[in-house]
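A short worksheet on the structure shown next.
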Amino acid sequence: MKPDLPDFTTMSTNPVPEQPKKKKSLLDRLSTFLFNRRVDKIYAENDYLDAYRRHTDMRVERDSKSAIGGNWEAVGQMQIDFMTGEKTFHFPYSFFERLAKENHFDLTDRSKDYPHPNGQIMAFVQKRSV
């Protein structure tokens with residue numbers, strides 16, 4: 001018998017409605033393109049840890065809340081709800097698939113190789129080679 005406890009990491013396959021994305025202006029798209037070119041160059045010319053540090057510094061300069069993943073208010077409220085037992089929540093696998101795709105990672109479902117006692121999806125994440 002499985003315990004009836006809230007589980008922060010359980011992923012469900014139920015679709016979560018996504019918010020419509022705002023169309024970015026040409027200036028925003030150009031800024032993002034140039035930023036990503038600088039980031040690519042940093043990773044190409046430095047060892048990973050130094051490049052990651054520099055990349056984080058660049059994100060802080062651009063938007064301090066996005067430096068460590070963004071969505072501070074939403075994630076903070078979810079953590080409070082979870083810790084107080086007011087809500088349990090599940091991240092759909094599609095959320096992680098989208099996140100991996102947006103950040104150039106491959107996500108592989110390895111649940112058959114690593115079965116979880118509560119039926120959670122066990123995923124393998126790997127950076128795509130450039």
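The values are calculated or read from the model by the stated rules, or taken from the named source; none is laboratory data. As the structure is a computational prediction, the values presented were derived from the model and not from experiment. As a convention, Cβ positions derive from the backbone with ideal geometry for all residues, glycine included, and neighbour counts pool all protein chains shown.
Among the residues of segment 40-68, just one is touching a residue at least 24 places away in the same chain (Cβ under 8 Å) and not basic (Lys, Arg), namely 40. Residue 42 passes every criterion in (1) part of a helix (DSSP H, G or I); (2) surrounded by 14 or more Cβ atoms within 10 Å (Cβ to Cβ); (3) within 20 Å of the chain's Cα centre (by Cα) apart from (3).
Quick one: how many residues across segment 50-67 are out of contact with any helix residue (DSSP H, G or I) (no Cβ under 9 Å at 6 or more places or on another chain), over 14 Å from residue 40 (Cα atoms) and assigned to a helix (DSSP H, G or I)?
Pass one, segment 50-67, residues out of contact with any helix residue (DSSP H, G or I) (no Cβ under 9 Å at 6 or more places or on another chain): 53, 56-57, 61, 63-64.
If we keep only those that are over 14 Å from residue 40 (Cα atoms) too, we end up with 57, 61, 63-64.
Applying the additional criterion that residues be assigned to a helix (DSSP H, G or I) yields 57, 61, 64.
Total satisfying the criteria: 3.
Within segment 78-92, the set of residues being assigned to a helix (DSSP H, G or I) and loosely packed, with under 12 Cβ neighbours inside 10 Å comprises 79, 80, 83.
The residues on offer are 17, 6, and the sole one that is under 24 Å from residue 123 (Cβ atoms), at pLDDT below 85 and touching a helix residue (DSSP H, G or I) at 6+ places or on another chain (Cβ under 8 Å) is 6.
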